[in-house]
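Undergrad: Quick one: the structure is below, questions incoming.
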Amino acid sequence: MHDAEAKPPSPQANAPSLTGTQKRTLAVLLVSQIFSGVGLAAGVTVGALLVQDMLRSTALAGLPSALLTAGSAVAAVSIGRISHALGRRPGLAAGYLAGALGGAGVVAAASLDLPALLVISLVLYGAGTAANLQARYAGADLAAARNRARAVSTVLVATTLGGVVGPNLAAPAGHLATALGLPPLTGLFLVSGAAFAVAALILIVWLRPDPLVLARSLADEPEDAPRVGSGAVPEDSKHAERRHPGLWLGVLVMVLGQLVMVAIMTMTPVHMQDHGHSAAASGLVIALHVGAMYLPSPLAGTLSDRCGPKRVVIASGLVLLAAGVIAAASPDDSVVLLAVALVLLGVGWNFGLVSGTTILTNAVPVTTRAKTQGVVDVAVAVAGATGGMASGVVVAAASYPLLALTGAALALVVPAAIAISARRALPGDRAGRP
């Protein structure tokens, strides 16, 4: 009797509970992403203005973006390794807690006028952005291959609410900071740091069972592999994922999208301020941009699952191209055209992220997935850091329109990569992977 009760349930018995677990996992991730989305706002909205104010240099206005993405790169590896060893819950929570600590450090650095502390704190703050981005992988851990892009998109879209609300908190958060005797520009970092801490708490308490740990345990049972949708790369081949062209295509798509998006986005508030636009106008444009980065996720996920992620990759490149051209052509006094350009910039980035993540996840087995995803996100973060740092230099040396046109030109590499990939793909790859 006891032996019968001790038997593990059959895969058939596990199927309904697995579906329920996936739904619960997505629900918890949705709530945590709303709070962490608020955390994304500070670095984008007031980071460049804060550094420009403290260091009195337009050429260094791209420094916060570079530091945030550099911190994100370091954190991506750490989160990936922690997730690989212990699961998604401790990995993501650690990233959010580091981001909260960084937010507090930025407030202290600005209050005490300590540039060195500001640099360190912005790097720490980047860990929160890394965790926010890596949460999309947690949404895909238990998803079947046919629904994987939609699972990724479900997690990403939750960031929309926090991401849109966050930039519009700049003014009230500034009033809060002033009331507390702090520099006004630190208010949004104060609020965002607290939001990161709440996101960490939500995951620590409610993300149970851990999706990656459960996916691995199910992948150990051959009967369960199709249900889990682990990517079906032979696990007895250590280097199978390196040989698969999908891995590198996914990396290239996400890296280029991040480079173009961060470069143009970083200097838009500075460009607007230099031409007499208010902080409220800059906040609105960035809010629309952040919303466009995440709101189209369900569409991108559905298209990737139904039409294949490579077609969505091509759409990403074309939309980024349009964004760069419109940003470059926008009159200095036109908030509307800049808003249109930044919305398209967000949509193009989103399409590239969802399709690239899907291509990458399909190419990597569940046993090595977390570490590989962490390393790939390092490349994405380094691309963002490069774009953020170079953007200030380009605008200071030339102009914002030249920066935007350069981004548009880089976006053309994405469709070219698809064409090259299509020529080199083996018949088996075409049949086996979307």
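Each reported figure results from applying straightforward, stated rules to the coordinates on display, with no laboratory input. Treat the numbers as computed from the prediction; the structure is a model and nothing was measured. Note that each Cβ is placed from the backbone with ideal geometry, even for glycine, and that neighbours are counted across all protein chains shown.
Undergrad: Classify the stretch 20-432: rounded, prolate or oblate, from the alpha-carbon gyration tensor (a ≥ b ≥ c, eigenvalue square roots; a/c under 1.5 rounded; otherwise prolate if a/b is larger than b/c)? Intermediate results must be reported in sequence, preceding the final value.
TA: Details: a/c = 2.02, a/b = 1.36, b/c = 1.48.
Because a/c hits 1.5 or more and a/b fails to exceed b/c, the stretch 20-432 counts as oblate.
Undergrad: About the Cα centre of the stretch 20-432, what is the dipole size in debye to 20, counting +1 per Lys and Arg Cβ and -1 per Asp and Glu Cβ, all else neutral? Show your work: numbers first, answer last.
TA: Working: 24 positive and 17 negative charges, 207 e Å.
The dipole of the stretch 20-432 has a size of about 1000 debye.
Undergrad: OK, next. Provide the gained length on full extension for the span Ala108 to Thr367, in nm with one decimal, where the gain is 0.36 nm per separating residue minus the Cα-Cα distance. The partial results should precede the final answer.
TA: Numbers: separation 259, 0.36 × 259 = 93.24 nm, distance 4.15 nm.
Going from the current span to full extension adds 89.1 nm.
Undergrad: At 0.36 nm per residue, and after removing the present C-alpha to C-alpha distance, how many nm does the segment from Cys307 to Ala409 gain when stretched out fully? Please list the in-between numbers first.
TA: Working: separation 102, 0.36 × 102 = 36.72 nm, distance 2.60 nm.
Full extension from Cys307 to Ala409 adds 34.1 nm.
Undergrad: Which shape class, rounded, prolate or oblate, goes with the stretch 22-150 when its Cα gyration tensor gives a ≥ b ≥ c as root eigenvalues, a/c under 1.5 marks rounded, and past that a/b bigger than b/c marks prolate?
TA: Values: a/c = 2.57, a/b = 2.26, b/c = 1.14.
Note, shape of the stretch 22-150 comes out prolate.
Undergrad: Counting only the backbone N, which residues of the stretch 327-363 are under 20 Å from the spot 7 Å out from the Cα of Ser399 toward its beta-carbon?
TA: Counting backbone N atoms under 20 Å from the label point, the list is 327-342.
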